[in-house]
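The values are calculated or read from the model by the stated rules, or taken from the named source; none is laboratory data. Every value quoted in this text rests on a predicted model; they were computed, and no experiment measured them. A quick note on method: Cβ atoms are made from the backbone with ideal geometry, for glycine too, and the neighbour counts reach across all protein chains shown.
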Amino acid sequence: MSDIAYAKKEGFGSAVTKFGDWLQTRLNNIDIFDEHYQNEAKTNPFYALGQIFYLVWIIVIVTGCLLIIWYVPTKAGAFDSILRIQDGIPFGGLIRGMHKYGADAMIIAATMRLYRMFLLADYKPGKEFNIAIGLISLLLAMYSGLTGYLLIWNQRAYWATKVFATFPCYMDQFPFMGDYYLPLVKSMHMGWNTAEALLGGGAAITQETITRFFSLHLAFSLIPLIFVELYFYKNAISRMPISWLKRGVIIFIIALIAVVLPAAQGRRSDPSVTPLPILSDWYFLGLYQMYKYLEPVVATEITMLIPLTVIMLPFIDSWITGPEKDISKRPLIFMLALMGVLCWVIFSFLIIFGIANIHNDPPYWRSFLYLMVDIGIFLQLALVWTNPDIQQRLKGAQGALVMAIVGGVQSLVGLVYYFMAKTEMFLSPVTQAFAYLFTRPFAGDSAKQAETLVRQLMPVNNEYWNFHTLLDPTYIKTIGEPLGKPALQQLAQVCQQPTLLDFIFKLIPTFTPAPHAAYQGYIDFMVNNRWCFDYITFTDRMTPSPCPAAVSSPALVWMWKLVWMCIGIPSLDLVWMWAGPIVVVACLATWMYAKKQVSQPKSAPAQPVASNT
């Protein structure tokens, strides 16, 4: 083996070893319920939140097992069984109230614990996985509450579940899971099948829905409990190191609330009457308001993106600030945490009082989100510039590069949003138009011929893309000749013309009941899936309007085009769209400044001049 090959093998083995050590360190540092912070919990109650979460979880499970004795999980019997538990069973109202408020306490404790981790940097050093554990605890509590919310079978719960649980249907329109490969995903029905698995009746709330939600409600509590108990047993960890007095106080508070504020019953569900507004339980109110501001597809994407972002934040913070735990020296994390709280509080307020304007409010919200991040980045950069320690400033240079990437992502999002707003096209058509734009040079004149024919056919036959079926003799014999048949025949011939990318697209099956089992090539794929149409629509709408006849000066023409580019874009959105590139420039300038300061040679101390005596 040559020295170079040996060095490569040694380097790969070393990288694998380092990654294994990195992973093992984080696995060893996992905290399920703050079991490694028992000493801190004696003096700081925020470090007892994990233990409190476990305690109220047990309360919820015990009271839930008691409620199962009398609860009837059917459409006909669910509401009446809740009435019987509340009013006819001794201490039934207390048990149900403790179950409900215990579940609320789980969500409060899990949320406060997550915020404690971020503000006190409990994920440093080498404890980043604990954020994921805390987030999973919160999500399990929230979705256990969501599934249990429907079991009451009252009007509010019925309609809130109908709104929330049908959102998976929009997965069929995701760029990479839906319209990006329309025939494949249409055959798989990824979003619809997810909703079917949850609801049992597609988008309808049926008996199957209440059965599945009842099963999921139990599963979300009991199955994780089994794994947690195995973890505690294997590692010989005390489950609840808090004293019995503190446990009794927590149980008493939950019981007192259950007596003073009995769990609400509401009115029996009525599918024929839609309540306005449709409100979920308190912890989902902010999310429901966000759904009002966004297209359902985008709202579903963001709902899936938020947990991934939370999991990535501790790694990003470690890259930016290193082992630093002082929140005053981590303003970016502080601003993100503050942004999360304000969004939930303001959104909940807006939906409860119904004062939101879904047409005018979104630009304010988008600007608030991005500018909060940008303010945090600028405050973080200011610490680098004002730090007198050159070595610390050098460490800040790495963080500046990471924040430049964050600003770059914001710039990219702003660019995509600009095109969406300017063309009034959704994300999928815009991305498909760009995919066609970047691959179009490989098709030569065939792409131009296809575009000409598509333009010609669009006003005549909007089913032109399905020309394989429209020109099939069996179809013509049954339905008749299609409109624009000569142009369709020309389009069919163009789709058979060879291109440099055909070898890729010929491997793709159509997955549709079409006369051809696989695509004939690049042009065939682009026309059949309407990427060519999206490109045509995009370019037409991005073509500036002609200048007025009075405008003849080149400078005035340039200004006219600049004004045209901004027409249709809310001014508040232009602020955060421009803020992204500004952040990138500021971060790169900070990086260069820190590097320059380190590279400058230190001046030698002045030597004392010998005096002549």
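Of the residues in region 430-443, how many are at pLDDT below 90 and either in contact with a Ser or Thr (Cβ under 7 Å, 6 or more places away or on another chain) or surrounded by fewer than 19 Cβ atoms within 10 Å (Cβ to Cβ) (or both)?
0
On the given criteria, is Ile61 on the phi < 0 side of the Ramachandran plot and touching a Ser or Thr at 6+ places or on another chain (Cβ under 9 Å)? Before you say what the answer is, go through the steps one by one.
On the way: on the phi < 0 side of the Ramachandran plot: yes; touching a Ser or Thr at 6+ places or on another chain (Cβ under 9 Å): yes.
Judged against the criteria, Ile61 is a match.
May I ask you to say which residue of Ala263, Ala219, Ala255 is crowded, with 16+ Cβ neighbours inside 10 Å, of a type in the set (Gly, Ala, Ser) and in a helix (DSSP H, G or I)?
Details: Ala263 fails: in a helix (DSSP H, G or I); Ala219 fails: crowded, with 16+ Cβ neighbours inside 10 Å.
Only one candidate passes the filter, namely Ala255.
Quick one: in region 458-486, which of the residues that are among the hydrophobic types (A, V, I, L, M, F, W, C) and within 25 Å of Met420 (Cα to Cα) is modelled with the lowest pLDDT? Write out each step before concluding.
Initial filter on region 458-486 (among the hydrophobic types (A, V, I, L, M, F, W, C)): 458, 460, 465, 467, 470-471, 476, 479, 483.
In the following step, the residues that additionally are within 25 Å of Met420 (Cα to Cα) were identified as 458, 465.
Values: Met458: 91, Trp465: 88.
The selected residue is Trp465.
Quick check on region 293-310. Is at least one of its residues touching a residue at least 60 places away in the same chain (Cβ under 8 Å), more than 26 Å from Gly148 (Cα to Cα) and touching a Pro at 6+ places or on another chain (Cβ under 7 Å)? Write out each step before concluding.
Narrowing region 293-310 to residues touching a residue at least 60 places away in the same chain (Cβ under 8 Å): 293-301, 303, 307, 310.
Applying the additional criterion that residues be more than 26 Å from Gly148 (Cα to Cα) yields 293-295, 298.
Those left that are additionally touching a Pro at 6+ places or on another chain (Cβ under 7 Å): 293.
Scanning region 293-310, I find at least one residue that is touching a residue at least 60 places away in the same chain (Cβ under 8 Å), more than 26 Å from Gly148 (Cα to Cα) and touching a Pro at 6+ places or on another chain (Cβ under 7 Å), so the answer is yes.
May I ask you to list the residues in region 370-382 that are over 20 Å from Leu572 (Cα atoms) and buried (at least 20 other Cβ atoms within 10 Å of the Cβ)?
At the first step, the residues of region 370-382 found to be over 20 Å from Leu572 (Cα atoms) are 379-382.
Within region 370-382, Gln380, Leu381 qualify.
How many residues does region 481-502 hold that are touching a residue at least 24 places away in the same chain (Cβ under 8 Å) and either among the β-branched types (Val, Ile, Thr) or not in a loop (DSSP other than H, G, I, E, B) (or both)?
Total meeting the criteria: 7.
Taking Ile89 and the conditions (1) at pLDDT 90 or above; (2) assigned to a helix (DSSP H, G or I); (3) aliphatic (A, V, I, L, M); (4) surrounded by fewer than 23 Cβ atoms within 10 Å (Cβ to Cβ), which numbered condition does it fall short on, given that it satisfies the others?
Unmet condition: (2).
Need at least 1 residues that are over 30 Å from the mean Cα position of the chain (by Cα), modelled with pLDDT of 90 or more and surrounded by 14 or more Cβ atoms within 10 Å (Cβ to Cβ) per element, so show me which helices (runs of 4 or more DSSP H) inside region 503-601 make the cut, counting only ones lying wholly within it. Let's see the steps before the verdict.
Values: elements: 522-528, 531-541, 554-566, 571-599.
Once the helices (runs of 4 or more DSSP H) in region 503-601 are filtered for at least 1 residues that are over 30 Å from the mean Cα position of the chain (by Cα), modelled with pLDDT of 90 or more and surrounded by 14 or more Cβ atoms within 10 Å (Cβ to Cβ), what remains is 522-528, 531-541, 571-599.
If you check Ala236 against the conditions, is it at pLDDT 90 or above and not basic (Lys, Arg)? Spell out the reasoning first.
Numbers: at pLDDT 90 or above: no; not basic (Lys, Arg): yes.
In short, no.
Considering region 232-252 alone, what residues qualify as being in a helix (DSSP H, G or I) and out of contact with any Lys or Arg (no Cβ under 7 Å at 6 or more places or on another chain)?
Looking only at region 232-252, we keep the residues that are in a helix (DSSP H, G or I), and these are 232-235, 244-252.
Scanning region 232-252 gives Tyr233, Lys234, Asn235, Trp244, Leu245, Lys246, Arg247, Gly248, Val249, Ile250, Ile251, Phe252.
From the list Ile257, Ile250, Ile278, Ile223, which one is touching a Leu at 6+ places or on another chain (Cβ under 7 Å) and over 30 Å from Thr590 (Cα atoms)? Before the answer, list the steps.
Working: Ile257 fails: touching a Leu at 6+ places or on another chain (Cβ under 7 Å); Ile278 fails: touching a Leu at 6+ places or on another chain (Cβ under 7 Å); Ile223 fails: touching a Leu at 6+ places or on another chain (Cβ under 7 Å).
From the options Ile257, Ile250, Ile278, Ile223, the qualifying one is Ile250.
Name the single residue that is modelled with the lowest pLDDT among those in region 193-215 being farther than 21 Å from Ala76 by Cβ and either in a loop (DSSP other than H, G, I, E, B) or in the same structural domain as Leu150 (by TED's automatic domain parsing) (or both).
Within region 193-215, the first condition is being farther than 21 Å from Ala76 by Cβ, and the residues that meet it are 193-198, 202-203.
Among the residues that remain, those that are also either in a loop (DSSP other than H, G, I, E, B) or in the same structural domain as Leu150 (by TED's automatic domain parsing) (or both) are: 202-203.
Working: Gly202: 59, Ala203: 62.
Step by step, filter region 193-215, then rank; the result is Gly202.
Which members of region 117-155 meet the condition of being of a type in the set (Gly, Ala, Ser), surrounded by 19 or more Cβ atoms within 10 Å (Cβ to Cβ) and part of a loop (DSSP other than H, G, I, E, B)? If you could, list the steps in order and put the result at the bottom.
Initially, region 117-155 is screened for residues of a type in the set (Gly, Ala, Ser), giving 121, 126, 132, 134, 137, 141, 144-145, 148.
Okay, now just the ones that are also surrounded by 19 or more Cβ atoms within 10 Å (Cβ to Cβ), so 121, 134, 137, 141, 144-145, 148.
Correct list: Ala121 only.
Which one is modelled with the highest pLDDT among residues in region 395-423 that are touching a Gly at 6+ places or on another chain (Cβ under 8 Å) and closer than 15 Å to Pro570 by Cα?
By that ranking, first place goes to Gly414.
Looking at (1) within 22 Å of the chain's Cα centre (by Cα); (2) at pLDDT below 80; (3) outside any loop (DSSP other than H, G, I, E, B), can you tell me which one Lys186 breaks?
Lys186 satisfies all of (1) within 22 Å of the chain's Cα centre (by Cα); (2) at pLDDT below 80; (3) outside any loop (DSSP other than H, G, I, E, B) except (1).
For region 359-455, list the helices (runs of 4 or more DSSP H) that sit wholly inside it and hold at least 3 residues that are in contact with a Lys or Arg (Cβ under 9 Å, 6 or more places away or on another chain) and of a type outside the set (Phe, Trp, Tyr); which are they? Steps first, answer last, please.
Working: elements: 361-386, 390-423, 427-439.
Helices (runs of 4 or more DSSP H) meeting the threshold: 361-386, 390-423.
So for region 466-480 (the condition being within 17 Å of Asp534 (Cβ to Cβ), surrounded by fewer than 20 Cβ atoms within 10 Å (Cβ to Cβ) and free of Cβ contacts under 8 Å to residues at least 40 places away in the same chain), does at least one residue qualify?
no
Residue check, Ser318 against (1) hydroxyl-bearing (Ser, Thr, Tyr); (2) surrounded by 13 or more Cβ atoms within 10 Å (Cβ to Cβ); (3) more than 18 Å from Leu381 (Cα to Cα), all met but one. Which one?
The single condition Ser318 does not satisfy is (3).
Yes or no: Leu500 at pLDDT 90 or above, in contact with a Leu (Cβ under 6 Å, 6 or more places away or on another chain) and in the same structural domain as Arg455 (by TED's automatic domain parsing)? Outline the logic, then answer.
On the way: at pLDDT 90 or above: yes; in contact with a Leu (Cβ under 6 Å, 6 or more places away or on another chain): no; in the same structural domain as Arg455 (by TED's automatic domain parsing): yes.
It is false that Leu500 is at pLDDT 90 or above, in contact with a Leu (Cβ under 6 Å, 6 or more places away or on another chain) and in the same structural domain as Arg455 (by TED's automatic domain parsing).
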